[in-house]
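The values are calculated or read from the model by the stated rules, or taken from the named source; none is laboratory data. Note that this is a predicted model, so its numbers are computed, not measured. All Cβ positions, even for glycine, are placed from backbone atoms using ideal geometry, and neighbour counts span all protein chains on display.
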Amino acid sequence: MTAVQGSRPVVAALYREALPPRLAEIEELADVRLTKADGLAEAMDGADVLYQWHSFSPALRENWDAASSVKWVHVSAAGVSQLLFDELIHSNIVYTNSRGVLSRAIAEFALGFVLDMAKDAQGSFRLQQEHRWQHRVTRKIQGQTALVVGTGSIGREIARLFRAVGMEIDGAGRSSRPGDADFGQIHSSRDLARIVHDYDYLVLAAPLTNETRGLVNAQVLASMKPSARLINVGRGELVNTEALAEALASGSIAGAALDVVHPEPLPEGHALWGMDNVIITPHMSGDTEDYLDDLGKLFVDNLRRFCNGEPLENVVDKTLGFVSVTEPSRTN
């Protein structure tokens with residue numbers, strides 16, 4: 001799958017409000033049709049590429065009949081499970097995502113959660129608001145153990161950062177294996193309830209698939225140490241929210257830091273909002289000041305590869321819902 005030799009590819013670029021970054025660079029390589037969702041069918045007529053800058057739009061599914069000429073779809077997001085559908089999965093369209101662009105930022109956010117909870121930053125802030133000088137002791141993170149669920153680019157960045165501050169890190173993924181470069185041991189995520197008691201932190205960085213939805217349920221939470229804490233920078237639906245609220249309220253686990261929740265946004269009045277042992281942020285762990293430009297750069301680089309008949313980066317295994325290998329996949 002390459003651009004037609006001697007001709008410029010046609011890119012239909014789907015956006016919602018702001019135009020895609022690096023648009024001038026894209027226009028140097030291709031003829032660009034900018035469109036919002038209501039014009040996608042017309043924009044895709046004869047197009048070679050769909051650039052889904054409006055990353056969570058269902059417009060491709062709704063206009064699937066108009067995508068007959070599209071050879072490649074790129075999405076400016078890492079998690080794509082909610083965007084896949086049977087016709088797309090079984091088509092010959094190559095599907096790429098933005099895996100890796102936000103991994104370091106998300107890992108930094110996860111480490112920030114660990115430091116926040118270990119050093120009781122929330123408690124210090126509350127005392128400051130009350131103008132109270134109250135000495136306390138806190139936990140050190142050196143020597144603490146963490147199990148990172150999700151061994152892709154985000155999970156590996158988390159493992160590297162956590163290890164750099166002296167934590168002991170294992171992973172959990174689709175299958176178990178020893179001797180990993182970033183994780184001391186990788187367990188099967190199916191064994192969470194059996195192994196999770198060994199860890200001080202359970203960190204979720206897995207993609208949402210049929211196998212991972214609801215992975216952290218009441219049984220897993222009950223198996224955690226009472227002093228353990230849950231961190232979720234993956235997807236809200238990895239966790240049974242009501243079971244988590246019950247575990248936190250009962251003291252079955254010590255705390256949680258949640259950048260993602262289910263449902264999202266968390267409804268007003270939900271029990272999690274009022275818990276002193278919970279940190280909630282609005283799905284922002286990867287959103288640094290320059291992240292939009294970084295996402296745009298990945299597409300430009302991939303478009304250049306498409307034009308030259310070279311391997312594309314981040315080819316998604318559509319049956320799995322994520323990039324299953326670290327090496328680039330060929331498209332011709």
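So the values come out like this:
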item: Flag for R163 being within 21 Å of I106 (Cα to Cα), charged (D, E, K, R) and surrounded by fewer than 21 Cβ atoms within 10 Å (Cβ to Cβ); result: yes
item: Residue that is surrounded by the most Cβ atoms within 10 Å (Cβ to Cβ), among those in the stretch 1-19 that are out of contact with any Ser or Thr (no Cβ under 8 Å at 6 or more places or on another chain), closer than 26 Å to D290 by Cβ and at pLDDT 95 or above; result: V11
item: Test: residue in the stretch 158-179 that is hydroxyl-bearing (S, T, Y) and farther than 19 Å from L204 by Cα; result: no
item: Inter-residue pairs, beta-carbon under 7 Å, first in a helix (DSSP H, G or I) and in the stretch 97-123, second among the aromatic types (F, W, Y), 6+ apart; result: A105/Y291; L111/F162; V114/Y201
item: Some residue of the stretch 68-85 being in contact with a helix residue (DSSP H, G or I) (Cβ under 9 Å, 6 or more places away or on another chain), of a type outside the set (S, T, Y), touching a residue at least 60 places away in the same chain (Cβ under 8 Å) and under 25 Å from A257 (Cα atoms); result: yes
item: Tabulated pairs, the stretch 288-301, first hydrophobic (A, V, I, L, M, F, W, C), second exposed (fewer than 14 other Cβ atoms within 10 Å of the Cβ), C-beta under 6 angstrom, 6+ apart or interchain; result: none
item: The stretch 187-208, subset among the hydroxyl-bearing types (S, T, Y) and buried (at least 18 other Cβ atoms within 10 Å of the Cβ), residue farthest from the chain's Cα centre (by Cα); result: Y199
item: Lone unmet requirement of (1) modelled with pLDDT under 95; (2) acidic (D, E); (3) closer than 15 Å to M117 by Cβ for D180; result: (3)
item: Residue check for V80: at pLDDT below 95, crowded, with 19+ Cβ neighbours inside 10 Å, closer than 18 Å to L298 by Cβ and not aromatic (F, W, Y); result: yes
item: Count of the stretch 24-37 residues which are touching a residue at least 12 places away in the same chain (Cβ under 8 Å), out of contact with any Pro (no Cβ under 6 Å at 6 or more places or on another chain) and either loosely packed, with under 12 Cβ neighbours inside 10 Å or not in a strand (DSSP E or B) (or both); result: 5
